[in-house]
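Rule-based calculations on the coordinates, nothing more; no lab input. Values in this document were obtained by computation on a predicted structure and should not be read as measured data. All Cβ positions, glycine included, derive from the backbone under ideal geometry; neighbour counts span all protein chains shown.
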Amino acid sequence: MDPNTEDLLNKWLDGSLTRPEADTLLQACKDPELQSTLDNWLFNQYDHPADKAVYFSREQKRVIYNKAIRPDTGSASAVPAIAESLMQFRRPADAPGTAFSSRRKSRRRRMLKAAASICIIGCLVFLFFKLNHPPAPVKSLTQATVSDIAAPLLATPTISWGQSHQAIAIDQALKDRAARISQDKNGCLVFNPVSPTAPSGTVSVPRGSRPVHIQLPDGSQVWINTGSSLRFPGMFDGSKRTVYLTGEAYFEVVHNKKQIFEVRQGDNTVSVLGTHFNINGYADNPATKVTLLTGLVQVNHASYLHPAEQAVVKEGSIQIHKDIDLQQVMAWKNNQFYFNGTTAQDILRQLARWYNIEIVYKGQVPQGHYSGIISKDNSLSQVLTILETGGIKFKLHQQSLWIY
């Protein structure tokens, strides 16, 4: 590697890169022959933890990926934006929460070292690949073929009352049932407690909609993901506060030791007194995943979860996983796609719900695992670049994505 380029990379890691130097580094890294040398150099930066025991925190990784992915690199004006992003990258200082001493347990150190290395390489690859190769639109089949699908702009929930299957738009419900439902300044739908005999409410968030934030009659907060629904009574009465979920939702439950909060989803039940947790149980997923952020929950009246633990429920059996990456679990609520060794099928299921498309397999189901973080504000073709790098071929025809 050219000494000048190595010097610039060191400055980039230390956060001391100036704007002219950032421009120079971008130009130098356009050379495809430099990529393998660059990768080796970056790996070597974290190959001796006793000498360089600093690692990127999850928050810093999130910022790096956002800065690497979000710039619109399809125009010449994007180059200065990327150079500015390069200038803001910084290897973390040796401080609590951002670095880990080499004296920590070796297993955790190796994991963090690998994560940091992958993160740095990933962000540079994204930067330089997207600088020279802007995401191409999905190739068309005919004149009627759609070239791309934009991300959802609005939340478009509906609500139905009682046993009625007649769903109405939230705007209409706000007018018709002003005593029962209102909307605060932040857009949260607030359901006021009414008579226990009042018909239950079911909030549905269709595919192709942004998630919806609601407040239940007891004050608990729920974020309902795309392609999901939640049914709850007009007022919680008796010894339990029971709601019924399809799809995925994140709960922040108000503590009430006299009333257990219970989420039912198919054959599964999650019971809590007051806590924060996420349930992912879409019908097309192979298993239901219950992830705890704070507090304590019980799954199916058997297994208890502690913070950062996840229960994977499949065909009646429960497996408990510890040290879960909570940023990945909560990515949907933070407007992100977060893939970390995620299968192609799982990624395509997420895309189908977000962009309201049908996935059609024209050949064998794609294998392999993929990693990357990308904003949900991106169009479908931009997200598909993650799969494209793995050799998956696809075409978009109207509202169907054909996978080859």
- Query: So for the pair ALA169, ASP237, with labels modelled 7 Å out along Cα→Cβ, what separation do we get in nm?
  - Reply: 3.4
- Message: 7 Å from Cα along Cα→Cβ at both SER379 and LYS322: what's the point-to-point distance in nm?
- Response: 4.7
- Message: Can you find, among GLN382, HIS306, GLY368, the residue sitting farthest towards the positive end of the charge dipole of segment 299-404, where Lys and Arg contribute +1 and Asp and Glu -1 at Cβ?
- Response: GLN382
- Query: Principal axis lengths of segment 167-302 from Cα atoms, whole Å, largest first?
  - Reply: 43, 37, 26
- With respect to the cross-link table entries LYS289/LYS362; LYS289/LYS314; LYS322/LYS376; LYS258/LYS322; LYS314/LYS376; LYS333/LYS376, which display a Cα-Cα separation exceeding 19 Å? LYS289/LYS362; LYS322/LYS376; LYS258/LYS322; LYS314/LYS376
- Query: Using alpha carbon centroids, what distance separates segment 358-404 and segment 164-241, in Å?
  - Reply: 34
- Distance histogram for segment 158-225 (every C-alpha pair counted, 5 angstrom bins, percent rounded to whole numbers): 4, 16, 28, 31, 17, 4, 1
- Could you calculate the contour length gain from GLN399 to GLN221, that is, 0.36 nm times the residue separation minus the distance between their Cα atoms, to one decimal place in nm? 60.8 nm
- Query: Computed FRET efficiency, Cβ-Cβ of HIS301 and GLU6, R0 51 Å: what is it to the nearest 0.05?
  - Reply: 0.30
- Note down the nm distance, to one decimal, between modelled labels 7 Å out along Cα→Cβ at ALA178 and at VAL190. 1.5
